[in-house]
Amino acid sequence: MNQPSHDAGLFDHCPGLFAGQASEEQRAAQEQRQKRLLAGPGEVRLGEGCFVAETAAVHPDVLHLGDRSYVAAHAYVTDAIRTGADCTVNPFTVVRGTVTLGDGVRIGAHSSLLGFNHGSAPDLPVHRQPVTSRGITVGDDVWIGSHVVVVDGVTLGDHCVIGAGAVVTKDLPAWSVAAGNPARRLRDRREPRGAKRPADTEAAGERRGASGPEAAGGRWGQARPQGAEGARERWGRAGAEGAEGARERWGRAGAEGAEGARERWGQARPEALAEELRAFAGSARAQAADLLDRSWRPDTRRYADRPGTEPTVRAHCDAVEIADLLLGDVPAHLPALEHVERLRALQDPVTGLVPEFGAADPLPGPAGVPDGDPAYHVLCVGYALDVLGSSFAHPVHAVRTTTADRLVRHLGELPWTDRAWHAGAWVDSWATAAHWNLRGGGEAAAPGALEALFGWLHTHADPWTGMWGSPTREAGRLQTVNGYYRLTRGSFAQFGLPVPYAERVIDTVLDHTRDPRHFAPGRENACNVLDVIHPLRLCARQTGHRREEARSWAAQQLTAALRRWHPGQGFGFGPTTDGTGPGREPGLQGTEMWLAIVWLLADVLGLADVLGYRPRGIHRPEPAPTGKA
């Protein structure tokens, strides 16, 4: 039976039908529409499967649409709009100012996201008031109903649902179901609809005639020394969630929650830490251009980690990730297309591997990935290209041809006993190369090899520690824990699979944090902190085992991490005992890693939303899509 013929008006109003029902002529017309946008004055990037209605008024300075996102009929889109994948801007919707959407954001018809504002001082007419823009940030998997208004400066956490007709004037934490004018949080989306909450203190606060920061102060049973008022003074808006959101995150109520948190964490309440995070993020954004400038080499037109060092492939990738985190854009030294072309051109088309600048093309190792720089370049170049909306030009052939037998044999030969980090890093690189091959629409490796990898890992994990490898007399659990992070990052975390023995992993990691050789004050470096918080967060998805101890450690490390920032220069990697790593001087590697670490630490505490950024590269917190069903 022939597909029905539709006029363009149907797809303009119902873009979700376009992929399956459009004719060749209609597809050609849409291609021309997108070409006109790409050739226009703004910076436009359109992912695969996007649709922009002919009747939509799209006049952006910046428009980045993720894969399968669409802008429907009569939408009005201007200024700087960035979306993840599978986002919808439905008919008659207005999106203006600075607006950033995560993946899977659905915006109902006739809604307005207004990421800008006018002043209202009495000494000037309204039409002459200055325009400001703090921006709107929306997390992943958010449903915004019809006729909703979201005002400038608001952050909506992941998984929120905003009821039709709501006017959202304040930040909402993840999983909120909210409605009303002004919108207020009704329940946690994970709760069954209609379930009675054991202590609906938000409603109780409203019945007492109090709300917002004052009600929060009353519920916590103590005064707020700065609270949202201090944040308003610095950022022009109230705190992201206040004490209400903090209490729900920690799963405890009232004054006991704040007091218990203070006793366990040895520091101020969550809302005070949230304010410090917000202040840090604002400063880092303001200084991002300067710290990127100090690593740019105009003579070579390349990036070095820091002044006085040679340009490297990793430095270019770190610059891309930092600019994406702090600026939501590419580093300004090159046009976006040139960043992509330079990174894609580094790959050897024969092996699919990436050498260091000036080095010979690398040869494959016994099971695909060799040691050294090419192994890490599989990660950093691949994810930098992914952040830029592109991908490797060629499959990683060295891995694509790896058979299951060869892989299993090589896994058994890796130095798990005394160099578990090296072994875990190799698994990370191999699994990431397999991931890029899948993303490209091909096969990860020879048939059965990817399954063999996970089978081997499951059968060789130590049930007492949950890890691979053994402690050493010289370094304690350092090699084992750090190797666990690298291994699980590229395998279980990247492919979205549960890890074995999650509770035992948490025990091992928390025991490792008490080793003064690595975690005494002044001895923490980016690798060691990252390699603890990533496993703790990963395993927390499967179990609540020792959750409060993990949060306590995260809070202590977060407070210390924020004080490592060097104004205008970023973060230093930190001291090392073996001479590896870039050391204490601030540079791109330390900055990229610590920015991700700060986010991970804050996320374990339920405070990541206030940062206004979310890692999308090597340290992305969710599984990476494979591009295959």
Open item on the list: How large is the Rg to Rh ratio of the chain when both quantities use alpha carbon positions and Rh follows Kirkwood?
Closed with: 0.96
Task: Residues L601, L487, L536, sorted so that the one with the fewest Cβ neighbours within 10 Å comes first - done: L536, L487, L601
Open item on the list: Just to be sure I understand: of the beta bridges DSSP finds with both ends in the chain, what percent are antiparallel, rounded to 5?
Closed with: 25
TODO: Take each uninterrupted DSSP H stretch in the chain, measure its Cα extent along the helix axis, and return the ones at 18 Å or beyond whose mean Kyte-Doolittle hydropathy is at least -0.5.
DONE: 270-293, 313-327, 373-387, 420-439, 526-540, 588-604
Task: Given the chain, longest segment not containing exposed loop GluC sites (Glu not before Pro) (DSSP; at most 12 other Cβ within 10 Å) - done: 49-473
Open item on the list: With Kirkwood's inverse mean 1/r over C-alpha pairs for Rh, give me the Rg to Rh ratio of the stretch 272-611, two decimals please.
Closed with: 0.95
Task: Rg over Rh [alpha-carbon atoms, Kirkwood Rh] for the stretch 325-403 - done: 1.01
Open item on the list: Pairs of alpha-carbon atoms within less than 8 angstrom and 6+ residues apart define the contacts here; what relative contact order does the chain have, in percent?
Closed with: 8
TODO: Pull the list of the chain cysteines that no other Cys approaches to under 4.7 Å, Cβ to Cβ.
DONE: C14, C50, C87, C160, C527, C539
Task: Cα Rg, Dmax (largest Cα-Cα span) when computed across the stretch 8-191, Å - done: 16.7, 58
Open item on the list: Taking a ≥ b ≥ c as the square roots of the Cα gyration tensor eigenvalues, with a/c under 1.5 meaning rounded and otherwise prolate when a/b beats b/c, else oblate, which class fits the stretch 81-123?
Closed with: oblate
Task: Cα shape, the stretch 1-98, gyration tensor, a/c 1.5 rule - done: prolate
Task: Global form of the stretch 503-629, assessed from the alpha-carbon gyration tensor, a/c cut-off 1.5 - done: oblate
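Every number in this text was worked out from the coordinates using simple rules, so none of it is lab data. Since we're looking at a predicted model, the values are computed, not measured. With ideal geometry, Cβ positions are generated from the backbone for all residues, glycine too; neighbour counts draw on all protein chains shown.
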